[in-house]
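Engineer: One structure, pasted below without further comment.
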Amino acid sequence: MTTSSRLHVAIVMDGNGRWAIDRGLPRVAGHRQGAQVVHDIVAAAPGLGVTALTIFAFSTENWKRPPDEVSYILHLFVTMVKKWLPELISRHVRVRVIGDRAALPGDVRGSVETIEERTASCDGLHLNVALNYGGRAEILHAARTFAAACVAGTAVPEDLTEDRFGSFLWLAGEESPDIVVRTGAESRVSNFLLWEMAYAELFFLDVLWPDFTPATLGMIVHKFNSRNRRFGGS
Ligand code: IPE
Ligand code: IPE
Ligand code: MG
């Protein structure tokens, strides 16, 4: 059993395209359904003991997709912010976006800023949305930030510790994920939270993201509670 009252779940939400194709629908229909699932999981998470939820919405590699699909996914974020911001505030959800936001279209960046500002003082669930996020890009960003501090004379290499390095990551301030889930029947991490998932418990599920339910999350939390985390101890 975990004795911690904090529980951070990170999810690679995969399988939207296949869910749609299976139904003879365009891939974007899977992304739309996937967004509804995000809503339902955010609503259910606190009741399952989850205090932080980090979701992979768009990777630095996803730009390789057709421009229409890229645009649909990114603008789904804008639509969700418009539709669910009041509800998120009433649920006290604090939203942060991790990733390279400078490369996002202007209206998407605007929604990122709006949701972060409007939920900044919320003290409930921490919802971190990875948008134009890559684990290697995050580590590079942190390394560059520290190197710049060294060049500026405000830091020296010997000062660098794991905690200090973590403070330069986009996910700074959040405890590392306890659980990393990937849906969509693939057993890979696809450049998600490479630094942060060092000791996470991994769950690879066959279920496609649009079919994921609060009950699925409940099952994962239940299984997690019976795992023996040793962190290298005996
Ligand atoms: C995950 O679903 C969503 C994103 C990567 C944005 P996919 O779109 O990757 O769905 P599959 O893996 O092709 O089924
Ligand atoms: C991972 O899914 C990225 C997101 C869920 C946003 P992908 O579908 O992009 O990953 P690969 O291509 O199967 O590795
Ligand atoms: Mg995929």
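Engineer: Working only within region 204-234, note down all residues that are surrounded by 15 or more Cβ atoms within 10 Å (Cβ to Cβ) and in a loop (DSSP other than H, G, I, E, B).
Structural biologist: Hits for region 204-234 are Leu205, Val207, Leu208, Phe212.
Engineer: Within region 116-125, does at least one residue satisfy the condition of being in contact (Cβ under 8 Å) with a residue 12 or more places away in the chain, in contact with a Pro (Cβ under 6 Å, 6 or more places away or on another chain), in a loop (DSSP other than H, G, I, E, B) and of a type in the set (A, V, I, L, M, F, W, C)?
Structural biologist: Within region 116-125, one or more residues are in contact (Cβ under 8 Å) with a residue 12 or more places away in the chain, in contact with a Pro (Cβ under 6 Å, 6 or more places away or on another chain), in a loop (DSSP other than H, G, I, E, B) and of a type in the set (A, V, I, L, M, F, W, C).
Engineer: What number of residues within region 56-72 satisfy the criterion of being surrounded by fewer than 20 Cβ atoms within 10 Å (Cβ to Cβ) and either of a type in the set (A, V, I, L, M, F, W, C) or assigned to a helix (DSSP H, G or I) (or both)? So that I can check it myself, show each step before the final result.
Structural biologist: Restricting attention to region 56-72, the residues satisfying the condition of being surrounded by fewer than 20 Cβ atoms within 10 Å (Cβ to Cβ) are 60-72.
Still in the list and also either of a type in the set (A, V, I, L, M, F, W, C) or assigned to a helix (DSSP H, G or I) (or both): 62-64, 67-72.
Number of matching residues: 9.
Engineer: Continuing with the same structure: Report, by residue number, each residue of region 46-60 that is within 14 Å of the chain's Cα centre (by Cα) and closer than 13 Å to Val9 by Cβ. If you could, list the steps in order and put the result at the bottom.
Structural biologist: In the first step, residues of region 46-60 are kept if they are within 14 Å of the chain's Cα centre (by Cα); the result is 50-60.
Matches in region 46-60: Val50, Thr51, Ala52, Leu53, Thr54, Ile55, Phe56.
Engineer: Condition first: within 18 Å of the chain's Cα centre (by Cα), in a helix (DSSP H, G or I) and within 15 Å of ligand 3 (Cβ to nearest atom). Now tell me which residues in region 12-36 satisfy that.
Structural biologist: Listed by number, the residues that qualify are Asn16, His31, Gln33, Gly34.
Engineer: Could you go through region 158-174 and let me know if any residue there is at pLDDT 95 or above, part of a loop (DSSP other than H, G, I, E, B) and under 13 Å from Ala10 (Cα atoms).
Structural biologist: Yes - at least one qualifying residue is present in region 158-174.
Engineer: Also, quick follow-up: Within region 129-141, count every residue that is buried (at least 20 other Cβ atoms within 10 Å of the Cβ) and more than 16 Å from ligand 1 (Cβ to nearest atom).
Structural biologist: Final tally of qualifying residues: 1.
Engineer: Separate question: With the requirement that a residue be surrounded by fewer than 22 Cβ atoms within 10 Å (Cβ to Cβ) and of a type outside the set (Ser, Thr, Tyr), what does region 1-13 give you?
Structural biologist: Met1, Arg6, Leu7, listed by residue number.
Engineer: For residues that are over 25 Å from Leu140 (Cα atoms), within 11 Å of ligand 1 (Cβ to nearest atom) and surrounded by 15 or more Cβ atoms within 10 Å (Cβ to Cβ), tally how many sit in region 182-203.
Structural biologist: Of the residues in region 182-203, 2 are over 25 Å from Leu140 (Cα atoms), within 11 Å of ligand 1 (Cβ to nearest atom) and surrounded by 15 or more Cβ atoms within 10 Å (Cβ to Cβ).
Engineer: Moving on. Could you say which residue among Ala52, Ala44, Ala10 is aliphatic (A, V, I, L, M), farther than 20 Å from Ala215 by Cβ, more than 14 Å from ligand 1 (Cβ to nearest atom) and touching a residue at least 24 places away in the same chain (Cβ under 8 Å)?
Structural biologist: After ruling out the rest, the residue left standing is Ala52.
Engineer: Return yes or no: is Gly153 surrounded by fewer than 14 Cβ atoms within 10 Å (Cβ to Cβ), modelled with pLDDT of 95 or more and either outside any loop (DSSP other than H, G, I, E, B) or not aromatic (Phe, Trp, Tyr) (or both)?
Structural biologist: yes
Engineer: Looking for something within 16 Å of ligand 2 (Cβ to nearest atom), under 27 Å from Phe168 (Cα atoms) and not small (Gly, Ala, Ser) - is there at least one such residue anywhere in region 37-46?
Structural biologist: So far as region 37-46 goes, no, none of its residues is within 16 Å of ligand 2 (Cβ to nearest atom), under 27 Å from Phe168 (Cα atoms) and not small (Gly, Ala, Ser).
Engineer: Does Gly173 satisfy being out of contact with any strand residue (DSSP E or B) (no Cβ under 8 Å at 6 or more places or on another chain) and within 30 Å of Thr213 (Cα to Cα)?
Structural biologist: yes
Engineer: Pairs please, first residue from region 207-234 and under 12 Å from Met13 (Cα atoms), second anywhere and aliphatic (A, V, I, L, M) and surrounded by fewer than 15 Cβ atoms within 10 Å (Cβ to Cβ), Cβ atoms under 9 Å, 6+ apart in sequence or on different chains.
Structural biologist: Hits for this filter: Val207/Ala185; Leu208/Ala185.
Engineer: Further question on the same structure: State yes or no: is Ile98 β-branched (Val, Ile, Thr) and in contact with a strand residue (DSSP E or B) (Cβ under 9 Å, 6 or more places away or on another chain)?
Structural biologist: The answer is yes for Ile98.
Engineer: Let me ask something else. For region 139-183, give me each residue that is within 23 Å of Arg227 (Cα to Cα) and of a type outside the set (A, V, I, L, M, F, W, C).
Structural biologist: Glu174, Glu175, Ser176, Pro177, Asp178, Arg182, Thr183
The values are calculated or read from the model by the stated rules, or taken from the named source; none is laboratory data. Please read these numbers as outputs of a predicted model, since none were measured by experiment. Neighbour counts run over all protein chains shown; Cβ positions are idealised from the backbone, glycine included.
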